[in-house]
Amino acid sequence: MKSHKLLEGKKGIIFGPLNEQSIAWKIALASYREGAQLVLTNAPIALRMGEIKKLSEECGQAPIIAADVVNNDDLKKLFEESVKHFGGKIDFILHSVGMSLNIRKGNHYTQLNHDFYHKTLDISAISLHRVCQLALEMDIMNEWGSITALTYIAAQRVFPDYNEMSDSKALLENITRNFGYHFGIKKKVRVNTISQSPTRTTAGSGVKGFDAFYNFAEKMSPLANATAEDCADYCVALFSDYSRKVTMQNLFHDGGFSFTGITETIVEKMSE
Ligand SMILES: NC(=O)c1ccc[n+]([C@@H]2O[C@H](COP(=O)([O-])OP(=O)(O)OC[C@H]3O[C@@H](n4cnc5c(N)ncnc54)[C@H](O)[C@@H]3O)[C@@H](O)[C@H]2O)c1
């Protein structure tokens, strides 16, 4: 995609780039291509792997600041250092963070470890509330700023192997609506989620039966699955001034999957 400089002069914080497969990685590259200045962040343990340095180089030596999304002190430090680095307030924040301890341990939805469940909800959903609350309290967002988080359709429909992440995404989307209301009234800041197609990443591939999910969605989507690069371009639009009145929404970005009942390809498969 050629640059249209849609984010010229804008400053953003990107949560969640782990490796080149990460959706946040592609979003950082697309935002940089469109003229944004960035700060990159991830959990301290993820930064130890070191891959993010490559992304920083590709994004004009964007600073990398460690922050565990469930630690308010880390988030405060991240926001303070970002504002200092940019010499001004922030225009957009990407929340691209998810982790399920029960999926990692192979626990079935009917046999969850509830301490893990709390942790999963905290990392994958309540963290968006933490980010929004601190951003509001610290007054770090410019008017018409945009906060965008990534979600999945398992928040609305049952995908059994998505397990407790389904509950996380439902909470994430509700926080988006509630905080979007308050942030809109107080500071004219937008909060939205993008509901992305299955995408081959570290977090995505951790879900049992991911390949079947992926292939089924591919055949059920009139435009085929949206890639991470497609998602990045959509995020650019949401960070830009071309979506100033879009807020409190869950925006499906899935090649049409969410509104397709059945496709001819699936009918043919089922008739075999
Ligand atoms: N891959 C898919 O199929 C898919 C589909 C729809 C939505 N999503 C969502 O997209 C987002 C990004 O996931 P991805 O697929 O790019 O995978 P990913 O594994 O590349 O990204 C997940 C990120 O969350 C970070 N993270 C985990 N715990 C953290 C913590 N405590 N503090 C800070 N960061 C932490 C990880 O380090 C990692 O960078 C997630 O919200 C995911 O649920 C993914």
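Relative to the longest principal axis of the Cα atoms of the chain, the long axis of helix 228-239 makes an angle of roughly 40 degrees.
Taking the centroid of alpha carbons for each part, segment 1-27 and segment 121-182 are 19 Å apart.
If a spin label sat at a point 7 angstrom from the Cα of residue 144 along the line to its beta carbon, the backbone N atoms of segment 230-272 nearer than 15 Å would be those of 237-247.
Rounded if a/c is under 1.5, else prolate if a/b beats b/c, else oblate: with a ≥ b ≥ c from the C-alpha gyration tensor eigenvalues square-rooted, which is segment 1-89? Oblate.
Residue separation of residue 263 and residue 81 scaled by 0.36 nm, minus their Cα-Cα distance, works out to 60.6 nm of gained length. Per residue of the chain, the DSSP helices (runs of n ≥ 4 H) give a summed -39500 (n - 2.57) that works out to -13000 deg cm²/dmol at 222 nm.
Shape verdict for segment 11-271, please, from the Cα gyration tensor: rounded (a/c under 1.5), prolate (a/b greater than b/c) or oblate. The shape class here is prolate.
Values in this text are rule-based calculations from the coordinates and carry no lab data. Quick caveat: nothing in here was measured; it's all calculated off a predicted structure. Reconstructed Cβ throughout: ideal geometry from the backbone, glycine too, with neighbour counts over all protein chains shown.
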